[in-house]
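Enquirer: What follows is a single structure, and I will ask about it in a moment.
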Amino acid sequence: MMTVDHPTYYVAASAMRVFRLAMACMVVFWTASVQAQGIFSHSRSTYPHWINLMDEDGQVINLRDREARPYSPTRTCGRCHNVDAINHGWHFNANFGTAEAGRPGEPWILTDPATRTQLPLSYRKWPGTFHPDEVGMDEWHFIRQFARHMSGGGPGYGPRKDGKATAGTSNTDKEEDDPLATPEGRWHISGYLENDCMMCHAGPGAYDVTEWARQVQNENFKWAPTAAVGLGRVVGDTRRIPNDFDPEFPEFTPGAQLPQLQYDASKQNADNRVFFDIVRKPAAERCYYCHSTHETGEQSLPRWQRDPDVHVMQGMNCADCHRHGIDHNMVRGFEGEAAISPHGSAVAALSCAGCHTGVQGSDNPQLFGGRLGAPIPEHKGIPPLHFESLTCTACHSGPWPQPSSQTVQTSLAHALGQSDEHRHPADPPHITQPVFVRNAAGKIEPHRMMWPTYWGVMTGDQVKPLPIEQVQKAVTRVLRQQPAESAEGEKARPESFPRGWAPVTKEQIAAALTALQKGLEEGQIAVYVTGGRLHKLDGETVTAIEHTAAEPYSWPLAHDVRPANQALGARGCMDCHAPDSPFIAGLVAAQPISPNGEVIRRMHELQNIDPVLWEAWARGFGMRNAFKIVGFAAAGLIGLVLLWLIMQAFSAIHLKRRKPVAELRA
Amino acid sequence: MYATVVFFSIVATLVLMGVHLALRGGRERPAPPVGVVSRLIYLLVLLSTLLAAASAWGPILRGQTMRGWALLAHSSAAGLLIVSLTSLVAIWAGGCRIAAEPDDRGRAFTLGTRLAFTLAAVAGLLVILSALLPMTPLFGTHEQELLIQTHRYAGLGLVLALMVHRYLLWLAQRRSRATKGAVQHEATTA
């Protein structure tokens with residue numbers, strides 16, 4: 001028998017230590033390499049995801065354990081998938097300082113009816129939007145406000161220090177976190193809102209987005225993925241827990257308790273694993289949760305009369321065109337995206353033109369046109385100049401234009417997808433569509449548009465929004481106390497308007513500006529931007545002026561796509577070239593309306609088209625048919641004359657040949 | 001490509017006319033008299049062609065697409081050109097036949113003038129058709145692009161043919177004036 005003082009023992013023990021160390025290194029190396037590259041099945045069939053759940057510390061969860069903590073998608077999915085790469089995808093990287101801004105898109109709209117504020121926000125610094133920091137909104141408040149329609153990640157991982165998230169995808173990130181260093185946030189109580197893969201990749205009916213939104217509203221960020229995917233029930237919320245609550249020592253804060261999680265143990269098999277119903281390519285219905293629109297304008301059709309996107313009706317999914325690799329950098333599908341994408345022609349082949357018409361002379365077979373059987377458009381009778389001036393979406397996308405642009409509600413702005421008994425067509429924020437404007441490439445394309453409405457401070461000619469909390473303290477009471485005038489001319493309380501968004505009066509603006517001015521420094525002027533105008537105090541009266549700060553923000557709309565027979569121009573040139581065509585003469589009214597008068601723009605103003613030129617074209621097109629008749633008659637006449645000249649020439653040649661013979665005979 | 005062709009073809013035509021003027025200027029047959037209406041129509045053809053060419057080539061030579069005011073000017077000039085060119089072809093066709101005989105004073109359009117006139121009529125016909133056919137719902141994008149190319153080169157052909165025609169006509173009219181002056185001088189001397 002070998003004892004501890006036996007020399008062989010030390011050799012064996014040392015060998016064992018080396019072996020254990022080597023094994024530990026291998027495990028660490030294997031885990032790191034898996035996280036960096038991921039594990040693949042490389043089959044078209046979906047891999048059956050019977051997996052172990054893991055908590056935020058990487059510990060395997062036993063659903064039968066009463067003390068089990070909520071599962072962490074980052075840890076659970078990150079065992080096999082490169083979540084670091086995924087977290088840098090388009091949907092999640094907006095607040096990364098290094099992320100590309102990309103083409104301007106739909107902003108998050110800070111809507112506060114109490115202060116009559118609708119402000120476009122974006123971490124991407126799109127021109128016309130404001131960074132959340134500018135209105136005093138840190139990541140925690142941003143998540144609480146908007147994560148009902150986010151899948152987590154990005155700002156959900158907390159404030160970023162030197163370009164890195166406080167929390168992240170690896171253990172080291174977590175250890176560096178100091179929740180108390182961010183007193184404004186309550187991350188140490190709510191937990192981080194991790195990127196929840198299942199929001200998009202859960203099978204049909206396997207994910208409850210309304211439960212997700214409810215947990216976000218309850219500030220149960222850490223618990224939201226578990227509850228939404230139906231693994232367990234979460235009781236309680238963190239909203240009433242004071243900021244100084246320490247989850248490690250809950251006994252120091254009497255009465256405060258973190259939410260209780262009750263896992264459904266029946267979902268766990270004998271092997272301690274749980275089945276995740278996963279789809280690689282999400283169905284359109286999944287995308288619709290965040291990307292739906294609801295037309296609410298006077299001339300919009302009831303839901304049952306509207307046609308869905310022609311591609312979806314042909315059996316396609318959003319992800320058939322909006323593809324991505326493990327990096328989750330979605331192909332957005334707009335013209336010119338290939339030039340700024342590292343994937344080049346592969347991205348070009350997924351745009352409208354790339355798929356349907358292809359690119360002439362391309363070596364990429366996917367760019368030959370007619371990809372996946374897409375019909376190659378003939379565009380008969382449409383001069384090619386149109387394709388240099390218009391995007392495909394100008395004629396094929398969105399609702400058919402009406403004499404006035406129509407209001408629309410979106411998932412991100414109006415929380416569509418959440419049941420709400422108080423929904424009203426006039427609910428703020430006020431968004432209108434389709435508005436035909438020029439894009440960065442100079443082409444006309446349909447947009448959705450909103451007019452920023454906010455209380456701000458003007459220094460020189462620069463206008464910045466005031467922090468929303470500061471505005472709420474100074475303005476809310478003023479707007480609530482004074483009765484507003486309803487559309488019928490009756491004095492009504494703000495509560496009688498949708499979401500309490502009553503029109504503001506000049507008197508209210510004056511009172512609010514006076515209140516705001518008290519908190520400003522010398523040289524700063526309190527202003528209110530609304531209805532396409534900037535309002536400021538001139539003595540005791542409110543004056544409204546035009547200012548770049550009051551310009552609208554718009555973003556392209558591309559769906560629903562209409563087929564050729566319902567595209568603009570299907571009935572002829574006058575669909576767009578008639579003097580009263582909505583495409584060019586349609587009206588766009590600034591909403592909400594300024595008390596100093598309504599600002600209405602025509603489409604051609606927004607397209608920077610010379611009104612005299614537009615008028616001349618409009619009149620010219622009235623004579624187009626006459627022009628064609630005269631032109632063809634003229635061509636016919638010239639043709640006949642040329643024919644006569646040719647016959648004369650032949651006749652002369654013939655006579656010249658016969659002349660010597662006749663002379664000889666004579 | 002097209003801009004280069006336009007530039008060099010016009011320069012080459014001007015050079016050839018200069019060489020012709022130096023070598024053969026003054027030997028042409030005197031031109032027949034042209035009435036006021038014909039002169040006016042001819043002037044309209046030249047003006048409308050000039051306007052159409054300038055509005056088209058201005059943007060093209062700058063590497064831009066013709067649109068906006070240039071396109072409006074081009075379309076307006078096109079209407080005038082269609083009417084005036086058709087009228088000119090109808091009125092002058094008789095005098096520009098290959099077999100047209102000189103008048104009793106021996107005045108007739110030269111063969112070069114007649115050929116230039118016929119080429120201008122052919123190019124004009126192509127210009128009109130290639131402008132009008134895209135307005136019909138018959139041709140798709142590829143055919144439309146072919147028609148645009150046809151329109152461009154036919155337009156260039158029209159300009160060159162009218163340049164040559166105008167030059168030869170000018171030579172003949174100069175000869176007519178010289179002959180008329182000589183006759184008047186002889187009559188005065190006698």
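The values are calculated or read from the model by the stated rules, or taken from the named source; none is laboratory data. The structure displayed is predicted, hence computed values, not measured ones. A quick note on method: Cβ atoms are made from the backbone with ideal geometry, for glycine too, and the neighbour counts reach across all protein chains shown.
Enquirer: Exactly one of (1) part of a helix (DSSP H, G or I); (2) exposed (fewer than 13 other Cβ atoms within 10 Å of the Cβ); (3) more than 10 Å from chain B (Cβ to nearest Cβ); (4) modelled with pLDDT under 85 is unmet by A:LEU643. Its number?
Expert: Failing condition for A:LEU643: (4).
Enquirer: Which condition number in (1) within 19 Å of A:PHE627 (Cα to Cα); (2) buried (at least 16 other Cβ atoms within 10 Å of the Cβ); (3) at the interface with chain A (Cβ under 9 Å from one of its Cβ atoms) is the one that B:PRO137 fails?
Expert: Just one mismatch for B:PRO137, condition (2).
Enquirer: Filter segment A:392-421 for residues that are in a loop (DSSP other than H, G, I, E, B) and out of contact with any Pro (no Cβ under 8 Å at 6 or more places or on another chain); which is nearest to A:MET574 (Cα to Cα)?
Expert: Going through the qualifying residues, I end up with A:TRP400.
Enquirer: Also, quick follow-up: What do you reckon, is A:ALA635 part of a helix (DSSP H, G or I), within 14 Å of chain B (Cβ to nearest Cβ) and touching a helix residue (DSSP H, G or I) at 6+ places or on another chain (Cβ under 9 Å)?
Expert: So A:ALA635 fits the description; yes.
Enquirer: Something else about it: Can you name the residue in segment B:63-75 that is at the interface with chain A (Cβ under 10 Å from one of its Cβ atoms) and not in a helix (DSSP H, G or I) and, of all such residues, is farthest from B:ILE148 (Cα to Cα)?
Expert: B:GLY68
Residues checked against (1) under 30 Å from A:PRO342 (Cα atoms); (2) surrounded by fewer than 14 Cβ atoms within 10 Å (Cβ to Cβ); (3) at pLDDT 90 or above:
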{"position": "A:GLY38", "(1), (2), (3)": "yes, no, no"}
{"position": "A:HIS42", "(1), (2), (3)": "yes, yes, no"}
{"position": "A:ASN52", "(1), (2), (3)": "no, no, yes"}
{"position": "A:ILE61", "(1), (2), (3)": "no, no, yes"}
{"position": "A:ALA68", "(1), (2), (3)": "no, no, yes"}
{"position": "A:TYR71", "(1), (2), (3)": "no, no, yes"}
{"position": "A:THR74", "(1), (2), (3)": "yes, no, yes"}
{"position": "A:GLY78", "(1), (2), (3)": "yes, no, yes"}
{"position": "A:GLY89", "(1), (2), (3)": "yes, no, yes"}
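Enquirer: Please determine whether any residue of segment A:595-610 is within 11 Å of chain B (Cβ to nearest Cβ), over 30 Å from A:MET316 (Cβ atoms) and of a type in the set (Lys, Arg).
Expert: no
Enquirer: Inside segment A:199-217, can you point out the residues that are crowded, with 23+ Cβ neighbours inside 10 Å, touching a residue at least 60 places away in the same chain (Cβ under 8 Å) and more than 25 Å from A:ARG280 (Cβ to Cβ)?
Expert: Answer for segment A:199-217, where residues must be crowded, with 23+ Cβ neighbours inside 10 Å, touching a residue at least 60 places away in the same chain (Cβ under 8 Å) and more than 25 Å from A:ARG280 (Cβ to Cβ): just A:VAL216.
Enquirer: Check whether at least one residue in segment A:563-571 is within 14 Å of chain B (Cβ to nearest Cβ) and among the basic types (Lys, Arg), and report yes or no.
Expert: Within segment A:563-571, one or more residues are within 14 Å of chain B (Cβ to nearest Cβ) and among the basic types (Lys, Arg).
Enquirer: Kindly indicate the residue of segment A:273-303 that is of a type outside the set (A, V, I, L, M, F, W, C) and modelled with pLDDT under 90 and also surrounded by the most Cβ atoms within 10 Å (Cβ to Cβ) among those meeting that condition.
Expert: Top of the filtered list is A:SER300.
Enquirer: Identify, from the list A:ARG602, A:ARG571, the residue that is basic (Lys, Arg), more than 23 Å from A:VAL529 (Cα to Cα) and surrounded by fewer than 17 Cβ atoms within 10 Å (Cβ to Cβ).
Expert: Going through A:ARG602, A:ARG571 in turn, just one is basic (Lys, Arg), more than 23 Å from A:VAL529 (Cα to Cα) and surrounded by fewer than 17 Cβ atoms within 10 Å (Cβ to Cβ): A:ARG571.
Enquirer: Quick one: which of B:ALA99, B:ALA78, B:ALA121, B:ALA90 is out of contact with any Phe, Trp or Tyr (no Cβ under 8 Å at 6 or more places or on another chain), in a loop (DSSP other than H, G, I, E, B), facing chain A (nearest Cβ under 10 Å) and not polar (S, T, N, Q)?
Expert: Unique residue meeting the criteria: B:ALA99.
Enquirer: While we're on this one: For segment A:218-230, enumerate the residues that are surrounded by 22 or more Cβ atoms within 10 Å (Cβ to Cβ) and over 19 Å from A:ILE189 (Cβ atoms).
Expert: A:ALA228, A:VAL229
Enquirer: In segment A:355-377, is there at least one residue being within 14 Å of another protein chain (Cβ to nearest Cβ) and hydroxyl-bearing (Ser, Thr, Tyr)?
Expert: yes
Enquirer: Select the helices (runs of 4 or more DSSP H) contained entirely in segment A:223-331, then report the ones holding at least 2 residues which are in contact (Cβ under 8 Å) with a residue 24 or more places away in the chain and assigned by TED's automatic domain parsing to the domain that holds A:SER411.
Expert: A:284-291, A:310-313, A:318-321
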